[in-house]
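For reference, the structure is listed below as structure tokens.
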Amino acid sequence: MADLTTNFLGIQSPNPFWLASAPPTDKEYNVRRAFEAGWGGVVWKTLGAEGPPVVNVNGPRYGAIFGADRRLLGLNNIELITDRPLETNLEEITRVKKDYPDRAIIVSLMVPCEEAAWKAILPRVMETGADGIELNFGCPHGMAERGMGSAVGQVPEYIEMVTRWCKENYDKPVIVKLTPNITDVRFPARAAKAGGADAVSLINTINSITSVNLDAMAPEPMIGDKGTHGGYCGPAVKPIAMNMVAEISRCPQTNGLPISAIGGITTWRDAAEFMALGAGNVQVCTAAMTYGFKIVEEMISGLSQWMDEKGYTSTDEFIGMATPNVTDWQYLNLNAISKAVIDQDACIKCGRCYAACEDTSHQAIDMSEDRTFTVNDDECVACNLCVNVCPVDNCITMETMEPGLVDPRTGKTVTEEYANWTTHPNNPSAQAAE
Amino acid sequence: MAQGQTAPGIQAGRLSSDEIAGNFDDLHPAYAPHEAAVAADRCYFCYDAPCVTACPSDIDIPLFIRQIATGTPEAAARTIFDQNILGGMCARVCPTETLCEEVCVRETAEGKPVEIGRLQRFATDTLMTSGVHPFERAAATGKTVAVVGAGPAGLSCAHRLAMLGNDVVIYEARAKSGGLNEFGIAAYKSTNSFAEREVDWLLKIGGIRIETGKALGDALTLDGLKADHDAVFLSIGLTGVNALRVDGEDKDGVRDAVDFIADLRQADDLGALPVGRNVVVIGGGMTAIDAAVQSKLLGSENVTVAYRRGRDAMGASRFEQDLASSKGVKLMFNVQPIAVHGNGAAAEIELEYTSGTDGELSGTGETIRLTADQVFKAIGQTLEGAPDTVALDGRKIAVSGVGRTSVDGVWAGGDCAAGGDDLTVTAVAEGRDAAMDIHASLSA
């Protein structure tokens with residue numbers, strides 16, 4: 001069985017599965033249960049400055065969108081940082097770390113954007129024995145209105161400044177948690193790196209309204225008769241998070257900056273995908289909130305089995321392996337020609353491919369009287385929509401045409417030669433191929 | 001005090017009232033809303049869906065299932081009723097396993113179709129229990145149409161005609177309308193007086209008057225109806241019952257299965273209904289299965305269905321056969337009755353084994369005797385009482401595609417008309433289509 005031990009910023013944990021800073025890590029009780037269940041580490045729910053803690057709403061904090069059978073696909077929340085006294089949290093962190101020295105404990109922090117505030121809290125955190133800190137520059141609701149959270153994360157200069165304060169006043173690793181509520185995640189990532197961050201973690205939650213109550217005419221969750229935007233997370237946000245991780249991972253200026261990936265990680269496969277894109281470990285929240293802490297057992301067994309099957313003995317061996325294959329559109333090989341192929345034995349004749357192609361795409365699927373569906377290569381542009389709407393696994397596949405064959409759609413012979421948009425004759429800015 | 005299954009002869013009260021109530025409970029219990037949502041989500045919303053093609057009444061099944069999935073079962077019901085005003089009953093009695101669900105692509109893929117029948121019931125029940133009738137009548141046309149027979153075809157025809165603005169008078173031979181929905185089919189498929197409630201709900205459209213106790217005959221002639229109305233729709237069903245034509249058929253204890261089922265459907269207290277200890281049902285269709293299963297549910301000790309051909313030729317679907325088997329009914333194939341024995345009352349039935357070559361059935365000479373204090377005949381029904389002037393096609397009224405008979409101004413549909421599958425859903429479709437044609441003819 002593959003060894004899942006992970007070294008992230010020098011912090012050892014028995015597996016790469018950490019719990020993200022969120023309600024599951026708000027208290028000693030929960031964190032002990034998480035460690036007993038097998039989680040490799042936790043990022044303790046965000047602590048605020050000394051003084052009266054924040055207050056939360058006393059109505060619903062979560063909204064959700066569902067798939068079939070009420071499968072939770074997306075969750076949003078309007079909860080703030082911890083609403084328990086700083087001292088209580090620090091005492092609990094100290095106790096838990098002492099009892100679980102082999103697990104990672106990172107303390108998430110959010111204090112006002114003043115150096116004094118950071119200087120005040122950092123020594124207190126240092127005393128707990130926690131392994132590092134994570135700067136919460138992501139929280140998109142409530143705290144942002146007070147100039148913290150994503151209000152910092154949306155201004156690269158602030159990120160750099162606060163990160164630098166922390167590096168100057170704290171000796172252990174500093175992770176900067178990024179908000180996705182920006183246009184280009186590379187800018188805040190570069191700012192974090194410039195400030196000396198040891199790593200970035202992303203994504204924090206996405207500004208969202210999950211549903212509207214059509215009787216009350218207000219967004220859900222409703223507090224009284226009003227609602228507000230909350231932070232969106234869960235399986236639905238994973239594609240957005242993966243792109244942002246990949247963008248940082250492949251950007252020359254931030255390539256190599258360690259990444260702790262967050263965003264809809266629900267299974268071992270999700271974790272493996274994020275790690276293949278460059279994440280050194282992953283943080284989980286919604287999946288644990290949906291199913292309980294026990295899911296980490298599946299994550300551990302699944303990742304181990306897959307690593308064994310692939311012959312990986314350490315997570316380091318596959319971290320970032322997919323990053324070089326993430327490229328810009330302009331570098332995609334325009335000479336790679338595929339065609340959809342329908343496996344008639346697997347086809348159940350639902351006709352969804354036909355409806356999709358005929359109504360909304362290229363009229364490249366023919367339907368016979370007896371409901372046999374076949375691809376018309378003369379029209380097929382290999383868009384993959386039929387594959388995606390087909391309810392049967394592997395019934396429709398994309399087959400790459402071998403060089404030498406003629407693409408009946410264009411009449412051109414398929415060539416082995418690589419050619420992309422930068423050299424394409426239709427591109428007014430085309431450069432001659434070198 | 002229950003008499004018990006082994007009480008001799010034909011006896012009432014074989015089981016306790018609790019046992020009977022349990023036995024006659026809904027065969028397919030209604031979905032709870034979440035169950036319906038999960039079941040609806042399994043539908044793939046197929047293009048040119050096979051289930052619609054298979055539905056004799058052309059209900060847009062993917063659309064109504066999507067309407068359930070999106071939280072509007074009332075709209076789903078409307079989609080169903082647009083095509084089939086008796087969609088509530090059809091959801092209960094349709095042999096979906098040989099119609100829509102048989103061709104569901106999920107059946108192809110997993111051997112487990114989308115449960116279309118139960119979803120249809122969920123939608124129609126939701127709307128009907130709210131008391132809403134979703135249709136309104138068009139402006140009055142001033143035309144009146146006579147419908148003979150208040151079964152599925154007649155009711156469907158009447159509703160559509162009324163909706164289009166015509167006035168309708170339904171003449172029904174029995175004291176109660178509903179036809180086979182009310183007097184036929186197994187009780188566990190139509191619980192809580194559903195057939196009666198459905199008729200009441202259907203009549204909310206207005207413009208339909210039902211005159212019960214009026215059958216075609218001396219007082220009610222086709223000529224008379226034609227004189228009094230602008231058109232006539234015949235939906236008189238098949239009220240004759242085929243005889244066994246064997247010795248001893250006249251003995252006590254030998255009766256028509258349809259009469260037994262009608263008695264059962266109209267009984268206020270099923271425990272008071274007499275049934276044999278040893279029951280043999282002759283036939284292989286739905287009526288045979290319904291009679292056999294209900295005998296068993298009333299407490300008969302031994303119930304056998306004796307069918308003259310093999311299992312595959314049976315009119316009852318495999319689902320119905322398995323249902324019977326699961327209730328303890330024995331299915332015998334390739335046997336035909338040759339005599340009922342007994343001193344005044346039936347005591348035994350003698351069956352002869354058959355063999356079929358080139359579709360011709362013949363007895364092998366080998367016989368077997370079964371103890372039988374009650375024998376139900378369920379070997380088919382025949383047209384009775386059709387007007388002489390109307391041409392027949394074989395043993396049923398000849399009709400065109402939209403139900404026109406040989407007599408101008410007279411349409412026919414349902415079991416009495418040639419063609420079709422003798423299913424409730426087919427009858428509803430035929431009534432609907434005839435109504436459209438009648439209305440078009442009268443409006444021309």
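Structure above, values below:
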| item | result |
| --- | --- |
| Meets criteria (under 19 Å from A:GLY138 (Cα atoms), in the same structural domain as A:GLU317 (by TED's automatic domain parsing) and either among the aromatic types (Phe, Trp, Tyr) or touching a residue at least 24 places away in the same chain (Cβ under 8 Å) (or both)) for A:THR290 | no |
| Answer from B:THR382, B:THR389, B:THR364, B:THR405 - the residue that is touching a helix residue (DSSP H, G or I) at 6+ places or on another chain (Cβ under 8 Å) and among the hydroxyl-bearing types (Ser, Thr, Tyr) | B:THR389 |
| Flag if B:ALA386 is surrounded by 24 or more Cβ atoms within 10 Å (Cβ to Cβ) and of a type in the set (Gly, Ala, Ser) | no |
| Pick from the stretch B:38-60, criterion open to solvent by 40 Å² or more (accessible area, probe 1.4 Å) and hydrophobic (A, V, I, L, M, F, W, C), ranking: farthest from the other protein chains (Cβ to nearest Cβ) | B:PHE45 |
| Failed item in (1) open to solvent by 60 Å² or more (accessible area, probe 1.4 Å); (2) in a helix (DSSP H, G or I), with A:PHE35 passing the rest | (1) |
| Qualifying residue in the stretch B:231-247 (condition: over 30 Å from B:GLN374 (Cα atoms) and over 25 Å from the mean Cα position of the chain (by Cα)) | yes |
| Candidates B:ARG245, B:ARG197, B:ARG174, B:ARG160 - the one that is closer than 22 Å to B:ALA288 by Cβ and open to solvent by 10 Å² or more (accessible area, probe 1.4 Å) | B:ARG245 |
| All positions within the stretch A:380-431 that are within 14 Å of chain B (Cβ to nearest Cβ) and either in contact with a Pro (Cβ under 8 Å, 6 or more places away or on another chain) or loosely packed, with under 14 Cβ neighbours inside 10 Å (or both) | A:ASN388, A:ASP393, A:ASN394 |
| Residue among B:ASP421, B:ASP433 that is at pLDDT below 95 and among the charged types (D, E, K, R) | B:ASP421 |
| Filtered residues of the stretch A:148-192 (kept if of a type in the set (Lys, Arg) and under 21 Å from A:SER21 (Cα atoms)) | A:LYS167, A:LYS172, A:LYS177 |
| In the stretch B:8-37, residue nearest to B:GLN294 (Cα to Cα) [restricted to those that are open to solvent by less than 30 Å² (accessible area, probe 1.4 Å) and within 14 Å of chain A (Cβ to nearest Cβ)] | B:TYR31 |
| Output for the stretch A:69-91, where each listed residue is within 23 Å of the chain's Cα centre (by Cα), outside any loop (DSSP other than H, G, I, E, B) and exposed (fewer than 15 other Cβ atoms within 10 Å of the Cβ) | A:ARG70 |
| Near pairs, Cβ below 7 angstrom, 6+ apart or cross-chain, from the stretch B:290-315 (under 22 Å from B:GLN336 (Cβ atoms)) to any residue that is part of a helix (DSSP H, G or I) and open to solvent by 50 Å² or more (accessible area, probe 1.4 Å) | B:GLY315/B:MET286 |
| Segments classed as strands (runs of 3 or more DSSP E), wholly inside the stretch B:333-444, with at least 2 members that are more than 23 Å from the chain's Cα centre (by Cα) | B:335-341, B:348-357, B:360-371 |
| Among residues of the stretch A:202-242, those that are more than 24 Å from A:PHE187 (Cα to Cα) and of a type outside the set (A, V, I, L, M, F, W, C), counted | 15 |
| Qualifying residue in the stretch A:276-287 (condition: out of contact with any helix residue (DSSP H, G or I) (no Cβ under 9 Å at 6 or more places or on another chain) and either closer than 24 Å to A:ASP198 by Cβ or open to solvent by 30 Å² or more (accessible area, probe 1.4 Å) (or both)) | yes |
| Some residue of the stretch B:32-44 being of a type in the set (Phe, Trp, Tyr) and assigned by TED's automatic domain parsing to the domain that holds B:MET89 | yes |
| Failed item, numbered, when A:THR46 is tested on (1) in contact (Cβ under 8 Å) with a residue 12 or more places away in the chain; (2) over 28 Å from A:TYR232 (Cβ atoms) | (2) |
| For A:VAL57: the one exception among (1) assigned to a helix (DSSP H, G or I); (2) farther than 24 Å from A:ASP171 by Cα; (3) in contact (Cβ under 8 Å) with a residue 40 or more places away in the chain | (1) |
| Scope the stretch A:137-174; condition closer than 30 Å to A:ASP99 by Cβ and at pLDDT 95 or above; matching residues | A:CYS166, A:LYS167, A:ASN169, A:TYR170, A:ASP171, A:LYS172, A:PRO173, A:VAL174 |
| Single residue of the stretch A:301-318 satisfying the filter (within 13 Å of A:THR6 (Cα to Cα) and open to solvent by 50 Å² or more (accessible area, probe 1.4 Å)) that is farthest from the chain's Cα centre (by Cα) | A:THR313 |
| Residue in the stretch B:431-444 that is open to solvent by 60 Å² or more (accessible area, probe 1.4 Å), under 30 Å from B:VAL199 (Cβ atoms) and polar (S, T, N, Q) present | yes |
| Unmet requirement for B:VAL168, which otherwise passes all of (1) touching a residue at least 60 places away in the same chain (Cβ under 8 Å); (2) not in a helix (DSSP H, G or I) | (1) |
| Candidates A:ALA336, A:ALA355, A:ALA346 - the one that is assigned by TED's automatic domain parsing to the domain that holds A:ASP378 and open to solvent by 50 Å² or more (accessible area, probe 1.4 Å) | A:ALA336 |
| Residues being open to solvent by 20 Å² or more (accessible area, probe 1.4 Å) and either away from chain A (no Cβ under 14 Å) or in a helix (DSSP H, G or I) (or both) - total across the stretch B:100-132 | 19 |
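The values are calculated or read from the model by the stated rules, or taken from the named source; none is laboratory data. From a predicted model like this one, the values you see are computed outputs, not experimental measurements. For neighbour counting, all protein chains shown are included, and Cβ atoms are generated from backbone atoms with ideal geometry for every residue, glycine included. Quick note on the areas: whole protein, heavy atoms, side chains included, nothing else; ligands and nucleic acids left out. Shrake-Rupley method; radii C 1.70, N 1.55, O 1.52, S 1.80 Å.
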